[in-house]
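The values are calculated or read from the model by the stated rules, or taken from the named source; none is laboratory data. What you are looking at is a predicted structure, and each value in this text was computed from that prediction instead of being measured. Methodologically, a virtual Cβ is constructed for each residue, glycine included, from the backbone with ideal geometry; neighbour enumeration extends over all protein chains shown. Just so you know, the surface numbers come from the protein's heavy atoms only, side chains and all, with ligands and any DNA or RNA stripped out. Shrake-Rupley method; radii C 1.70, N 1.55, O 1.52, S 1.80 Å.
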Amino acid sequence: MAAVNILETKGLTKTYGGLDANRDIDFALPRGDVHALIGPNGAGKSTFVGMLSGRIPATRGQVWFDGAEVTRLPAHKRISLGIAYTFQITSVFAKLPVRENVALAVRRILGRDRAAVRAKVDGVLERVGMVDQAYQLAGDLSYGHQRVLEIGMGLAQNPELFILDEPTQGLALPEVEAFKNLVNDLRGETTILLIEHNMNVVMEVSDSLTVLNHGEVLARGTPDEIRENADVQAAYLGGV
Ligand SMILES: Nc1ncnc2c1ncn2[C@@H]1O[C@H](COP(=O)(O)OP(=O)(O)OP(=O)(O)O)[C@@H](O)[C@H]1O
Ligand SMILES: [Mg+2]
């Protein structure tokens with residue numbers, strides 16, 4: 001039977017020199033949820049998801065995906081298990097057309113079956129609203145469209161868990177609205193873990209939130225619970 005929690009961590013810790021960027025993080029993500037990870041700059045959010053995706057090796061602690069331990073599994077193996085992620089820094093292939101960027105991601109799961117790849121690429125471009133940009137070089141796109149393309153490249157892998165590191169950073173308002181719609185459209189199809197500073201996005205799309213501060217979990221709850229949490233107010237939300 002599939003595990004109830006698609007992802008769990010126990011005691012997950014990352015130490016850089018003398019600094020614990022993450023310290024003893026126990027975390028569970030129920031399958032199908034849209035969960036947001038928030039917290040001040042330097043709180044350890046990117047470090048945490050880096051250890052989930054396998055890009056950053058854990059100093060100690062464990063990560064389980066779908067009931068199996070993946071703590072020492074390399075990133076590409078985690079991708080093939082169904083973990084997709086987008087980086088905080090945009091990382092599309094600037095010299096390739098949009099279509100080809102998506103096709104590279106699709107081939108990771110579909111191999112080289114050309115008709116199947118083409119159909120899947122078309123579906124992804126449609127879904128993220130980039131049909132009109134399909135033949136532009138990714139490097140010529142606006143910053144906002146590059147971010148949307150990255151989301152498309154993640155979706156192209158049919159992820160079971162989709163991790164997004166600040167997907168709306170630098171997006172214009174209509175693009176932020178489109179992003180919220182996309183998350184709602186994906187609800188039920190994939191589990192989403194979202195690092196996000198835009199509280200409007202967080203409060204609207206997430207089922208639950210975890211607040212990190214100084215590398216530790218400060219609070220966890222529903223959007224309303226987090227909004228009313230005095231510790232969170234003091235550490236992060238301030239006047240929100
Ligand atoms: N490669 C590294 N070497 C040394 N220290 C690092 C490294 N990566 C991150 N850190 C430190 O670890 C802490 C957590 O950083 P991290 O990038 O995870 O924070 P964040 O919550 O994602 O912040 P932001 O909101 O600014 O993206 C910070 O103090 C950062 O300076
Ligand atoms: Mg970060």
**Request:** Of all residues in the range 174-200, count the ones that are assigned to a loop (DSSP other than H, G, I, E, B) and either of a type in the set (A, V, I, L, M) or within 16 Å of ligand 2 (Cβ to nearest atom) (or both).
**Result:** 3
**Message:** Filter the range 25-47 down to the residues that are of a type outside the set (Val, Ile, Thr) and within 19 Å of Ala235 (Cα to Cα) and list them by number.
**Reply:** Ala36, Leu37, Gly39, Pro40, Asn41, Gly42, Ala43, Gly44, Lys45, Ser46
**Prompt:** Listed residues Asp132, Asp122, Asp231, Asp165; which is within 26 Å of Pro30 (Cβ to Cβ) and more than 19 Å from the chain's Cα centre (by Cα)?
**Reply:** Asp231
**Message:** Out of the residues in the range 211-240 meeting the condition of being touching a helix residue (DSSP H, G or I) at 6+ places or on another chain (Cβ under 9 Å) and among the β-branched types (Val, Ile, Thr), tell me which one is modelled with the lowest pLDDT.
**Reply:** Val240
**Prompt:** In the range 78-92, which residues are away from ligand 2 (no atom under 16 Å from the Cβ) and open to solvent by 60 Å² or more (accessible area, probe 1.4 Å)?
**Reply:** Ser80, Leu81
**Asked** Based on what the data block shows, is Met153 more than 17 Å from Gly82 (Cα to Cα), open to solvent by 10 Å² or more (accessible area, probe 1.4 Å) and in a helix (DSSP H, G or I)?
**Response** no
**Asked** So how many residues does the range 36-57 have that are open to solvent by less than 10 Å² (accessible area, probe 1.4 Å) and more than 16 Å from ligand 2 (Cβ to nearest atom)?
**Response** 0
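For Asp165, state whether it is closer than 26 Å to Lys120 by Cα, surrounded by 20 or more Cβ atoms within 10 Å (Cβ to Cβ) and in contact (Cβ under 8 Å) with a residue 24 or more places away in the chain. Don't jump to the end; show me each part of the working.
Numbers: closer than 26 Å to Lys120 by Cα: yes; surrounded by 20 or more Cβ atoms within 10 Å (Cβ to Cβ): yes; in contact (Cβ under 8 Å) with a residue 24 or more places away in the chain: yes.
Taking the combined requirement at face value, the residue satisfies it.
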**Message:** I want to confirm something. Restricting to the range 30-49 and keeping residues that are farther than 12 Å from Thr210 by Cα and of a type in the set (D, E, K, R), which single residue is farthest from ligand 1 (Cβ to nearest atom)?
**Reply:** Arg31
**Message:** Would you confirm, using the coordinates I've provided, whether Glu189 is more than 13 Å from ligand 1 (Cβ to nearest atom), of a type in the set (D, E, K, R), in contact (Cβ under 8 Å) with a residue 40 or more places away in the chain and over 27 Å from Tyr236 (Cα atoms)?
**Reply:** no
**Request:** Only residues in the range 125-145 that are closer than 18 Å to Val176 by Cβ count as the first member; pair them with residues that are open to solvent by 70 Å² or more (accessible area, probe 1.4 Å), Cβ under 8 angstrom, at least 6 apart or cross-chain, and list the lot.
**Result:** Arg127/Asp185
**Prompt:** Which of the residues that make up the range 40-51 are touching a strand residue (DSSP E or B) at 6+ places or on another chain (Cβ under 8 Å) and at pLDDT below 95?
**Reply:** Pro40
**Request:** For the range 66-77, indicate whether the set of residues that are within 15 Å of His214 (Cα to Cα) and exposed (fewer than 15 other Cβ atoms within 10 Å of the Cβ) is non-empty.
**Result:** no
**Asked** Considering only the range 8-29, how many residues are modelled with pLDDT under 95 and more than 10 Å from ligand 1 (Cβ to nearest atom)?
**Response** 1
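Return the residues of the range 201-234 that are closer than 21 Å to Ser46 by Cβ and either in a strand (DSSP E or B) or open to solvent by 40 Å² or more (accessible area, probe 1.4 Å) (or both); say none if nothing qualifies.
Of everything in the range 201-234, those that are closer than 21 Å to Ser46 by Cβ and either in a strand (DSSP E or B) or open to solvent by 40 Å² or more (accessible area, probe 1.4 Å) (or both) turn out to be Ser208, Leu209, Thr210, Val211, Leu212, Asn213, His214, Glu216, Val217, Leu218, Ala219, Arg220.
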**Asked** On the given criteria, is Leu171 crowded, with 16+ Cβ neighbours inside 10 Å and outside any loop (DSSP other than H, G, I, E, B)?
**Response** no
